[in-house]
Amino acid sequence: MSSSEAARERGGRRGLMARVGRWFWRPERRWHAWAVDVLLVIPAALDALLNFPPPRDWRFLVSLGAAAVLLLRRRFPRTVLLLTLPGLYAGNALLASMIAAYTVARTERAPWQKSLVALAVVVGSFVPWPLDQLRLESWSDITQHLIFASMLGTGPVMLGLLAQTRLDLSARVAELAELRDHERALYAKTVVAAERARIAREMHDVVSHQAGLIAVQAGALQVTTKDPATRETAGILRGLAVATLEELRSMIIVLRAAGAGPTELVPQPRLADLPRLVASAEVDAVLRMDGCLEVPLPEPVERAAYRTVQEALTNARKHAPGAPTEVLLRIDPDCLRVTVRNRAPSGPRTEPQLPGGRHGLIGLRERAGLLGGTIEAGAEPDGGFAVRLWLPLPPGPAGTGPTEEAGAVDGTGRTGGLRLTGGQNFSTASATAAG
């Protein structure tokens, strides 16, 4: 048998013994307390037996009774201590009194009671029986006996106080851990609610725009048509569009009242804005876009992809500054895939570690879930980190994509109409030029 096999066999035996020990010795089991009490009674009884050789008198019986009452120490700690004191003063039940003092000190009693317990054990350990034997000892012996008795009396009480403090600290730590988990859950719900509110505002902008166009076209049709049935239908359509706009306006007022913030009256970012985003991210990033880039995508899908790249680049700048980062966007006929992968930092960190609660990823996961997609984030085997987004695309024929003018700017000042051909790569420099 090789050394590695022998080490594995020894480790397996130790693990089996540890599992058996944990199963057998559990403090929450009821018989555990009785087993401990019996194990404590045995040495206390042996203390009486060894200190009183035959022939034995009543002091032996008192000391033996002090050992026996330890079985009730958990239920009646102070009574058990009082019953062990006669064995300590008249006999030799020192061990039984020390165990009883430890039990009282471990309970949630008043501090003066625990001090009185320590004093009683110290006096019982120091004063001899009968009392006239004290005159036969020298001052040196008396001093040594007093020091010895002080240690025997205060030691169990201090140990009991330490055990009680440990229990209190454990309970406090468990309470703080539960409170922290509760706060994290509440904060995660807050992040999800904020992300939903932002998505609702974006949908408000899109739907209100489309509903406004419907109302305008319906109004124009109602004025220009000569067919009464068509005029009536156009009037109904215009009324429905106006009612939809009113409902959307009421919804956005509710969102503002709920603390969702003001509605941004600016165009939302799209995939055409990715080169500008990569260029301004202050990350050594490369953007690659492949697949069916001419296919028009729904605006919520494009915004979700943009937000995912934005959050991933922000995390790369915070947690892996200077690491090469790759942004891959692939559009298939049935889905859109986004992968943002950064390598491990090559050199030592020169910036302090910035805090991160992964709440941005929670919002992205909520956004992807609403669109029927998934998002995964985790460490890579080489020490880097990767964020992968998958979003389904609705079936439909490929329409005409954006125009080929990469530098076209619309009335809002936003770069738009950027058509990307398959296999096109954008480094930071080229993205800057495109922006």
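Some values worked out for this structure:
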read-out	value
Pair residue 282, residue 172: separation of 7 Å Cα→Cβ label points (nm)	4.1
Cβ-based net charge around residue 369, under 13 Å, with every Lys or Arg adding one and every Asp or Glu removing one	0
R0 of 45 Å, Cβ-Cβ distance residue 150-residue 188: FRET efficiency to nearest 0.05	0.20
Label-point gap, in nm, between residue 127 and residue 332 - each point 7 angstrom along Cα→Cβ	9.0
Kirkwood-based shape ratio for the range 163-248, expressed as Rg/Rh from alpha carbons	1.60
Listed peptides 73-86, 105-118 by packing density, highest first (mean Cβ within 10 Å)	73-86, 105-118
Linear extension gain, residue 38 paired with residue 210, 0.36 nm per residue minus alpha-carbon span	53.7 nm
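Bear in mind these aren't lab numbers, they're just calculated from the coordinates by the rules spelled out. Predicted model only: the values in this text are computed from it and were never measured. Don't worry about glycine lacking a Cβ; one is built from the backbone with ideal geometry, like all the others, and counts go over all protein chains shown.
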